[in-house]
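Input: a single structure, listed below in structure tokens.
The values are calculated or read from the model by the stated rules, or taken from the named source; none is laboratory data. Treat the numbers as computed from the prediction; the structure is a model and nothing was measured. Cβ atoms come from the backbone with ideal geometry, glycine included; neighbour counts cover every protein chain shown. The accessibility values were calculated without ligands, DNA or RNA, using every heavy atom of the protein model including side chains. Shrake-Rupley method; radii C 1.70, N 1.55, O 1.52, S 1.80 Å.
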Amino acid sequence: MDIPQISPNQRIIVPDHIIPRAQQTRGALDEDAIADHLEKFLIAEDNDAQCKVFSDPLGGCHVYCFPPSQILKRNYWTLVSMGMSGTKMNVPADLVGGEEYQYAEVMCYLPADWEMPLISAANQISSNNWPVEMLRSLASYVASTRCWVAEDHGIPSLLTDTPGEPFHASTKLANMILLAPVDEAEGFETVDVNGNTVNFYVVVPLTSAEAQWKREVGAAKSIHYIVGNKREYPQNYSIFMYWI
């Protein structure tokens, strides 16, 4: 994977080089502890049996898929990475409380009628599995660079040879922004794992035009207009914009 040349305005630290595979740390910080945390918020009697995990046979990033639930009043799928938190990110030394942001997993929302693929692989991107591979690609990017990603950070699509191309031919979405999971229940946003804080961020796909505007004016002045009032209607922007 080529190193994405990301604008400084996207608040991403561009690495000097890719870390050799043998020196990379892949896998979750503690999969059982993180899975237990997610299940407390995302599993109920009416969706437990339909949960699925897209596993990485090489021990990289798995993706946990939690179906809609009437009991939990979640009329949408919730996908969460399980493998990015194994990498300790290079948080800037001058960031106050930086040790609280060294570990993270990412998530996204999909419509209730999403046709979940039987399998998912990075070399077989389709109109149904690209959100799964979007999460995996971000986790792989972090593992191979140790770059810090956090709220309001912008990142181009990493599913193609040229970063920033559409995730798939079926969509115009070609970039990502990370936002806090503000609509989740209190206590969801972070989990303590062996004394380390693991943060969860919602990945929202953007078109190239939206990403460019965000870079020019900043997240605070653009995201409200791109995705709406995220604190009032976070699911609306996260779910339905996937199919632009």
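Summary table
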quantity	calculated
Cα gyration tensor, region 69-202 - rounded (a/c under 1.5), prolate or oblate	oblate
Whole-number Å³ per residue for the convex hull built on Cα positions in region 48-98	119 Å³
Residues of type lysines that LYS214 reaches as a straight line, Cα spacing below 25 Å, ignoring anything fewer than 8 places off in the same chain	LYS172, LYS230
Inter-probe distance in nm under a simple model that places probes 7 Å from Cα toward Cβ, at SER127 and GLU100	4.4 nm
Separation between Cα centres of region 26-68 and region 101-132, rounded to whole Å	13 Å
Accessible area (Å², 1.4 Å probe, nearest 10) - MET116	60 Å²
Solvent-accessible surface ranking, highest first, for ILE43, ILE119 at 1.4 angstrom	ILE119, ILE43
Sum of side-chain charges, ASN47 neighbourhood, beta-carbon under 13 Å (Lys, Arg +1; Asp, Glu -1)	-1
Net charge of neighbours whose Cβ lies under 11 Å from the Cβ of LYS88, counting Lys and Arg as +1 and Asp and Glu as -1	0
